[in-house]
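Read-outs throughout are calculated quantities, based only on the coordinates presented, and are distinct from any laboratory measurement. On a predicted model such as this, the values are computed, not experimentally measured, just so you know. Cβ placement follows ideal geometry from the backbone for every residue including glycine, while neighbour counts extend to all protein chains displayed.
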């Protein structure tokens, strides 16, 4: 058996499995992150009026983020037009930031609505933004059922924030 050593992930696995008062009350992880405002610890990239962008702490690829509305609803049709506009504006900005930071060859954008569609957190709608590169599905997942994430989450967070801040600064300069 091959072993892939990734000790930095243990703290996230332990955090995910912790029993706390919040977990016992079935508090939504996205609502908890939205309320805490502890963006560095929760890997929140940025916030807007109706949404926030957060790294997926169990990413499929480096740069895998989720755009999450503050409103706790299970499906997209429960969002207002203003919330939808903000969700899409933030999705557009994060795609631009991921392009600037990582130069991916493409993206998967999507939402899993309902358990039968694969939703891990089905009670709170969110949109996945997943950068993709040619060859990112190589022999590791095919042969050994193992996905390698080559960058720690803190570095990913800082790269995406930096790129996003540069984009926002440039956009503000154009408005002047």
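Structure above, values below:
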item	result
Burial ranking of peptide ranges 47-54, 70-77 (average Cβ count within 10 Å, highest at the top)	47-54, 70-77
Per-bin percent of Cα-Cα distances, region 20-175 [5 Å]	2, 9, 17, 21, 21, 16, 10, 5, 1, 0, 0
